[in-house]
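Notes follow the structure.
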Amino acid sequence: MTISFRLANAGRLGRAKSVRFSFDGKEYAGVEGDTLASALLANGVHLVGRSFKYHRPRGILSAGAEEPSALVGIHRDAERKTPNIRATVQELYEGLNAVSQNRWPSLSFDAGSVSDLASPLLSAGFYYKTFMWPKVAWKSLYEPKIREAAGLGVAPDLPDTDHYSARYAHCDVLVVGGGVAGLAAAFAAAETGARVILCDEQADLGGALRYEQGATVDGQPGWEWAQATVAKLAAKDNVRLLTRTTGFGYYAQNFVGLVERLTDHLAQPSPDQPRERLWQVRAKRVVLATGAIERHMVFGDNDRPGIMLASAARAYLNHYGVAVGRQVGVFTANDSAYWAAVDLKKAGVNIAAIVDTRDNPSGRAIEEARALGIELNLGRTVIRTNGRLRVSSMVVQAKKGGPERTIPVDALLMSAGWTPSVHLFSQSRGKVAFNKTTNRFVPGDYAQACVSVGACNGTDGIDPSVAEAFAAGEKAAREAGAKARKLSRPKAETSESWSRGMAGAAPGAGADAKSKAFVDFQNDVTAKDIRLAVGQGMRSIEHVKRYTTNGMATDQGKTSNLHGLAIAAETLSKTMPEVGLTTFRPPYTPVTFGAIVNHSRGPLFEPTRKTPMHDFAVARGAVFEDVGQWKRAWYFPQGGEDMHRAVDRECVTVRKAAGIFDGTTLGKIEVVGPDAAAFMELLYTNPWQKLDPGRCRYGIMLREDGFIYDDGVVGRLAEDRFHVTTTTGGAPRVLNHMEDYLQTEFPHLKVWLTSTSEQWAVIAVQGPKSRDIIQPLVEGIDISDEALPHMSVRTGKFCGVPTRLFRMSFSGERGFEINVPSDFGRAVIEAIWKEGQKHGACMYGTEAMHVLRAEKGYIIVGQDTDGTVTPDDAGLSWAVGKKKTDFVGIRGMKRPDLLAKGRKQLVGLKTKDPKTVLEEGAQIVADPRQAIPMTMIGHVSSSYWSENCGRSIALALVKDGRSRMGETLYVPMPDRTIEVEVTGTVFYDETGARLNG
Amino acid sequence: MLLIRCPYCEQELPEIEFRNAGEAHVARPPDIANENDADFEKYFFIRTNPKGIIYERWRHVHGCARFFNAARDTVTDRFLLTYKAGEKKPKKLPGAGKQ
C-alpha cells in the first residue's frame, strides 16, 4: 500500500470519485479531476522517466503544458499507444495505463544510465564530432546505437484506429488563453455582441487562479469568479468556448490553428467520436492571453525527481489537494516561490528552508513566510543536491562560497522568475522587445491585428491585467465592427506581486562548477554545454541552439530558452537582446499527425475518379490501374489468364477482329468562337485555318520554351468550333495553359474555352471489324471509308443518343471513337459489346492500348517525352506548320541548344534476342567495355512484348538516334548487358494501310 | 493561409482557391519569332525575385477562373493590392513600406 500525499483539507477535488490507473504495471488510485501527474504525486511517486541522453532519473517539473520531463506512454489498446504524453496534462480516467519511457530494464534500474558516466563523450555538438569517422561506422554502429540509447517514447507500430475531424470557423474576436486576462477579454468582447471564440488548453478555465489563493475578482475568490464567468459566457449565443483546446499555430492574416482534444480524457470513448478536432479559425481580431511560464533555477543536479517549479507545487496543493513532499525546500530568486512555501506551511507541510539568492528581498511574501516561522537563507544559493531516485537533500552555500550546509528535503521547489509566453505573438511575426527593468522579452511591434494582454504582455498584477484585458477585449470587438454601450470592468485584488527574478545559471553553477546544472531537461542540455558551444565559436544564439540542441525538444524550450540565452550572453560578454532570442515556430505544443492529416487518409486521401463504364468493366473482370486520380481498366483476364497472356490475347484480337476500349478519361476541351481557328493556330504547332469542318488533325502543344507539353487529336466540328482532346493527366493544365494565353496574351481573340472531359463518355472501337460492329448502332452518319475517312468527325446519333463520332485510331487499325453524353456511356458500351461479341471482339485495357500504340510508334507524352523533348526530337517535325509566323514555342524551338547536333531522338530498339524485353528507364551505351561510369547516350522510354510482332519492341531516346539506324547499342543491366539494334519507330504495318481499312 | 482579394469577384477569399502564376508585367513580344537570343532570354528566363514588393500573377482557379495581378511583399507575405489583368502596374501602393 502506498502512502497517500492527498491532504484532506486542501484542493478542490474534495470527495471526488476514486479512479484506478496503472503506471509501469503497478496499480494506483487517484480521484476524478486528477491529472496523471497529480495522481502519481498523491501516491508519492516522483520518479516517472529517464532522461533523453544521460538516462538520468527524472520526475515531474511542472503542472502544465511546459513539462519537459514527465513524459510517458499512454497505452489504451494495441493500436493506440501514444508516446511522449506529458503526465501533467493527461487527465486521469478509469483504467488509464501509463508506462515510463527510455529505460531498460526498469525505471529504477536503467542500464543506459552509464551514459551519464560517459557524458564527456556526449557533450554539446557530440553528433558532429565524436561520431563522424569512419564514415561506415555511422551507418552500421553509431546511428542505430544512438537511436537506441537516446530517445523518448516508442512510436506506435499499428495504424491509428482513431478518427479526427476538422472545422473552419470565423469570428470577430478569438481569445487564446482562459486565465483571468483571457476571461476578462472574452467577457468584454462578448458583452458587445461580437462573435467570440475563447480557447484554453485546460479542462477548466481559470489559468493561474487554479493555484493563486489570495486573488479576488469582483469580490469573489478568483477561481469561483472564473467558473461563474465561464458559465455566463457559455450561456451566450455569440460565444464559443473551447476547453482542452490549444492554440498551436498563428499564421498569416489572423489564421489560427487550434486543436481540441475530445476523447483523451475518457475511459471509454465512443467509436463514433473523433479523438481530436482541428479548428482553423479566421479571426478579425486576436487577443493573446497566453500567460507566463515559471523558470526553474539552473544549479547542480537540479534534475532529481522531487525538484519542481514552485507554482507547480502550489497547483498540486491548492487545486488537486496533493502535497509534493513532507519536508520541502525552496530555492528561488523571486517572490512568487514564497507563496508556495506559505500555502504548504499553512496546509501543514514542513518547510525545511527557503534559499533566496537575493540579499535583501522585501515585500508581503517574505513577511508572511517569516511570520509563519519559515527559515530564510538570504543571499545564499543551492550548489547541488543529493539523492538517487529522489532528492534527499540540498547543499546550501553563501553566493561567494564558504562552508556548505546540507539540508534534508524530500522535495525542492524552485523559481527563477516568469517568462511571458510570447510564442503565438512571435509566430504571428510580431517582434519581441527586451525590457531591461524586468529582464524579459515582451511583445513589441505587432505584424497582425492582434493584441497581447496580461502576463504574456509582461503586465504584472491581477488588477492591471484585468483592466488591460477588459479594455483590449472591448476594443477588439469594436474594431471588428461591434457597437455597444460603455461597459464597466470587474475589479480584482491580490496580495501577490511579480518580481524580476533571474535568468541564467544560479550563483555556484558557474563555469568552474563540476556537477550538471540543467538548462533544458528534455534534451539534457547543461549550462556547461552552452558555455562549451560559445567556447567552440558559436556566436549566434541560433547556432548555439542547434549545436547544443537547447530548446529543440518537443517542449520547444518553454522553460529553458531564456536561461540558455542568458548563459550564452554572459559567456559572450554581451547583453541578452544583443545575442537575440531564437524564433518561435508552430506548433506551440506537439500536435498529433492524426489532427493534421485528419480525414485525408485511406480512400479519402484524394478523390477517386471512375468513368461511367467503370462498373461494366468490373463486371467483365477488369483489373484496374491508377492513372492520376482515375481508375482505368488495365486488362481483362479470362479463364485464369495472367496479365501477360491477357494482354497478348487482347492485342491480337484487336488486329484480327476488333477491340472495345473505354477512352473516357481523355481530356476534352471545347474551343468555340469566331477566332477559334486563330487561337488554335497560336496554341498548337499545326496549321488549323485550312482544316475543313468534319476533319481531324493530330495536334502538338508546346510551352514557350519549345518543348512538347501535350498532344491529342482535334476535330473541327464547324468553322468556329473545335473538339480538342488532351492526354488523360494533362486536361487541367492544358486548359490552364490555354486560359492563360487567352486571358492575358491574346485577350483580343473572341474565343471561349470549356472543359467537357466529364460531359462525354468515349468508347473506342478499333480493328478490322470495327465498322461492322458499330454500323447497326449509328443513325444519320455514313460511316463508309469514302464518306468517313481516317481522321474525320461527324455528329449524329448513336444508340439513339447524340454523338460525336470520330474516325481515328490509336492502334493503327481502322478505328472509331464514339463520344456520347456521360449518362449514356454505360448503356452504349453494353450495346457495342453485344454487337462486338458477334464479330469476335474483345474488351481491352490500357496495357494492350499501350502495346498497340507502341507497335505503331505513337508516342505518349510524359512517357516518351519528359519536358525536354522537341517535336523534332520526337520525329514530329511534320506536325509543325512551316509557314506559321507565330505559335507558343516558335521562338523557344529555335534556341541554339534545341537546334544543335547530338540531341536525343526517338528511335525504335529491337533486342538481338527477340525474347528479351528491355526495362523501361534502362540506360543505353555505345560501348559496353568502357570504364564505369559509362557515357550514357540515351534511355528506353517504352518497352513491351508484342505478340503481333512475335518479339519484343521498344522506343528509346538516343543521342543522334536517327543517324544510327542499324547500329548495335548496349543496355547494361545488373546481371548482364543486352544488345539492341536501332530501328525506326514503326514495328507493325509500316505503310499504314490498315488505318484506312 | 493567406486571404487574397479577387479583383473580379471583389471578395477576399482563402488562398486555396487561387494559384500563383509567376511574375506579372512580362509581356510576350509581339514578334516573338524574330526576337534575338538576348531578348528572348530576358523575356523567357529572367525574373526579378525581389526581397520586398513583387508584382505577380494569380489565377482564381477554383472561383471565377480569371488571371489577375497582385503586388505582394515577399518578406511579410502581405498583399498590398490586387488588380485586373491588363491594367497598368500601379505607381503607388497603399501601405507600402509599412510592416
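If I filter region A:220-228 for residues that are within 14 Å of chain B (Cβ to nearest Cβ) and within 25 Å of A:Pro443 (Cβ to Cβ), do I get at least one hit?
No; the residues of region A:220-228 include none that is within 14 Å of chain B (Cβ to nearest Cβ) and within 25 Å of A:Pro443 (Cβ to Cβ).
Please go through region A:519-541 and give me each residue that is touching a residue at least 60 places away in the same chain (Cβ under 8 Å), crowded, with 22+ Cβ neighbours inside 10 Å and assigned to a loop (DSSP other than H, G, I, E, B), ordered by number.
Within region A:519-541, A:Phe521, A:Gln522, A:Asn523, A:Asp524 qualify.
Condition first: charged (D, E, K, R) and either on the phi > 0 side of the Ramachandran plot or open to solvent by 20 Å² or more (accessible area, probe 1.4 Å) (or both). Now tell me which residues in region A:54-97 satisfy that.
A:Arg56, A:Glu66, A:Arg76, A:Asp77, A:Glu79, A:Arg80, A:Lys81, A:Arg86, A:Glu91, A:Glu94
Taking region A:233-276, which residues are within 14 Å of chain B (Cβ to nearest Cβ) and out of contact with any Phe, Trp or Tyr (no Cβ under 6 Å at 6 or more places or on another chain)?
A:Gly249, A:Tyr250, A:Tyr251, A:Ala252, A:Gln253, A:Asn254, A:Phe255
Confirm whether B:Ala71 is free of Cβ contacts under 8 Å to residues at least 40 places away in the same chain and over 12 Å from the mean Cα position of the chain (by Cα).
no
When residues of region A:155-171 are filtered for being in a strand (DSSP E or B) and of a type outside the set (D, E, K, R), how many remain?
Count: 6.
When the residues of region A:687-710 are narrowed to those that are within 14 Å of chain B (Cβ to nearest Cβ), open to solvent by 10 Å² or more (accessible area, probe 1.4 Å) and out of contact with any Lys or Arg (no Cβ under 9 Å at 6 or more places or on another chain), which ends up farthest from A:Val861 (Cα to Cα)?
The qualifying residue farthest from A:Val861 (Cα to Cα) is A:Arg703.
Is region A:463-474 home to any residue that is assigned to a helix (DSSP H, G or I), within 30 Å of A:Val342 (Cα to Cα), open to solvent by 10 Å² or more (accessible area, probe 1.4 Å) and of a type in the set (Asp, Glu)?
yes
Output the residue which, of all residues in region B:62-97 that are facing chain A (nearest Cβ under 10 Å) and under 20 Å from A:Gln253 (Cβ atoms), is modelled with the lowest pLDDT.
So, considering only residues that are facing chain A (nearest Cβ under 10 Å) and under 20 Å from A:Gln253 (Cβ atoms), the one modelled with the lowest pLDDT is B:Thr76.
Please determine whether any residue of region A:882-894 is in a loop (DSSP other than H, G, I, E, B), within 14 Å of chain B (Cβ to nearest Cβ), among the aromatic types (Phe, Trp, Tyr) and more than 21 Å from A:Asp960 (Cα to Cα).
There is at least one residue in region A:882-894 that is in a loop (DSSP other than H, G, I, E, B), within 14 Å of chain B (Cβ to nearest Cβ), among the aromatic types (Phe, Trp, Tyr) and more than 21 Å from A:Asp960 (Cα to Cα).
Give me the pairs, please: first residue somewhere in region A:897-916 and on the phi > 0 side of the Ramachandran plot, second residue anywhere and in a loop (DSSP other than H, G, I, E, B), beta-carbon distance under 8 Å, and either six or more positions apart or on two chains.
From residues that are on the phi > 0 side of the Ramachandran plot, the pairs are A:Gly902/A:Asp960.
Exactly one condition in (1) open to solvent by 10 Å² or more (accessible area, probe 1.4 Å); (2) in contact (Cβ under 8 Å) with a residue 40 or more places away in the chain; (3) part of a loop (DSSP other than H, G, I, E, B) is not met by A:Thr263; state its number.
(1)
Exactly one of these conditions fails for A:Ser573: (1) open to solvent by 60 Å² or more (accessible area, probe 1.4 Å); (2) on the phi > 0 side of the Ramachandran plot; (3) in contact (Cβ under 8 Å) with a residue 60 or more places away in the chain. Give me its number.
(3)
From the list A:Gly11, A:Gly73, exactly one residue is farther than 21 Å from A:Ser311 by Cβ and out of contact with any Asp or Glu (no Cβ under 8 Å at 6 or more places or on another chain). Which is it?
It is A:Gly73.
Taking A:Ala764 as the residue in question, decide whether it is closer than 27 Å to B:Glu23 by Cβ and buried (at least 17 other Cβ atoms within 10 Å of the Cβ).
no
Here is a list: A:Ser515, A:Ser488, A:Ser495, A:Ser499. Which entry is out of contact with any Phe, Trp or Tyr (no Cβ under 6 Å at 6 or more places or on another chain), free of Cβ contacts under 8 Å to residues at least 60 places away in the same chain and not in a helix (DSSP H, G or I)?
A:Ser488
Taking region B:25-59 only, how many residues are facing chain A (nearest Cβ under 9 Å) and within 19 Å of B:Arg72 (Cβ to Cβ)?
Counting residues in region B:25-59 that are facing chain A (nearest Cβ under 9 Å) and within 19 Å of B:Arg72 (Cβ to Cβ) gives 2.
If I go through region A:584-609 residue by residue, how many of them are closer than 17 Å to A:Gly628 by Cα and either crowded, with 16+ Cβ neighbours inside 10 Å or assigned by TED's automatic domain parsing to the domain that holds A:Gly257 (or both)?
1
Could you list, in sequence order, all residues of region A:547-586 that are aromatic (Phe, Trp, Tyr) and in contact with a Gly (Cβ under 8 Å, 6 or more places away or on another chain)?
The one that is aromatic (Phe, Trp, Tyr) and in contact with a Gly (Cβ under 8 Å, 6 or more places away or on another chain): A:Tyr547.
Collect the residues in region A:15-24 that are in contact (Cβ under 8 Å) with a residue 40 or more places away in the chain and open to solvent by 50 Å² or more (accessible area, probe 1.4 Å), keeping them in residue-number order.
Residues satisfying the conditions are A:Arg20, A:Asp24.
Restricting to region A:863-880, name every residue that is surrounded by 17 or more Cβ atoms within 10 Å (Cβ to Cβ) and either within 14 Å of chain B (Cβ to nearest Cβ) or in a loop (DSSP other than H, G, I, E, B) (or both).
Those that are surrounded by 17 or more Cβ atoms within 10 Å (Cβ to Cβ) and either within 14 Å of chain B (Cβ to nearest Cβ) or in a loop (DSSP other than H, G, I, E, B) (or both): A:Asp864, A:Thr865, A:Val869, A:Thr870, A:Pro871, A:Asp872, A:Asp873, A:Ala874, A:Gly875, A:Leu876, A:Val880.
This table checks each residue for (1) part of a strand (DSSP E or B); (2) closer than 30 Å to B:Pro14 by Cα; (3) not charged (D, E, K, R).
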| site | (1), (2), (3) |
| --- | --- |
| A:Leu205 | no, no, yes |
| A:Leu209 | no, no, yes |
| A:Ala226 | no, no, yes |
| A:Ala231 | no, no, yes |
| A:Arg240 | yes, yes, no |
| A:Gly247 | yes, yes, yes |
| A:Tyr250 | yes, yes, yes |
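Can you find, within region A:277-290, the residue that is nearest to the other protein chains (Cβ to nearest Cβ) among those that are under 10 Å from A:Leu174 (Cα atoms) and open to solvent by 30 Å² or more (accessible area, probe 1.4 Å)?
A:Lys284
Please list, ordered by first then second residue, the pairs with beta carbon atoms under 7 Å, 6 or more apart or interchain, first in region A:41-54 and not assigned by TED's automatic domain parsing to the domain that holds A:Val328, second buried (at least 24 other Cβ atoms within 10 Å of the Cβ) and of a type in the set (Val, Ile, Thr).
Sorted first by the residue in region A:41-54, then by its partner, the pairs are A:Leu41/A:Ile60; A:Leu41/A:Val322; A:Leu41/A:Val324; A:Ala42/A:Val322; A:His46/A:Ile60; A:Val48/A:Ile60; A:Val48/A:Val72; A:Gly49/A:Val72.
So that you can scan it fast, the table gives a plain yes or no per residue for (1) open to solvent by less than 10 Å² (accessible area, probe 1.4 Å); (2) in a loop (DSSP other than H, G, I, E, B); (3) in the same structural domain as A:Ala42 (by TED's automatic domain parsing):
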| position | (1), (2), (3) |
| --- | --- |
| A:Pro305 | yes, yes, no |
| A:Ala315 | yes, no, no |
| A:Val328 | yes, no, no |
| A:Asp343 | no, no, no |
| A:Gly402 | no, yes, no |
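Looking only at strands (runs of 3 or more DSSP E) that fall completely inside region A:919-980, which ones have 2 or more residues that are open to solvent by 50 Å² or more (accessible area, probe 1.4 Å) and of a type in the set (Asp, Glu)?
Once the strands (runs of 3 or more DSSP E) in region A:919-980 are filtered for at least 2 residues that are open to solvent by 50 Å² or more (accessible area, probe 1.4 Å) and of a type in the set (Asp, Glu), nothing remains.
The values are calculated or read from the model by the stated rules, or taken from the named source; none is laboratory data. As the structure is a computational prediction, the values presented were derived from the model and not from experiment. Note that we place each Cβ from the backbone using ideal geometry, even for glycine, and neighbour counts take in every protein chain shown. For accessibility, only protein heavy atoms count, side chains too; no ligands or nucleic acids. Shrake-Rupley method; radii C 1.70, N 1.55, O 1.52, S 1.80 Å.
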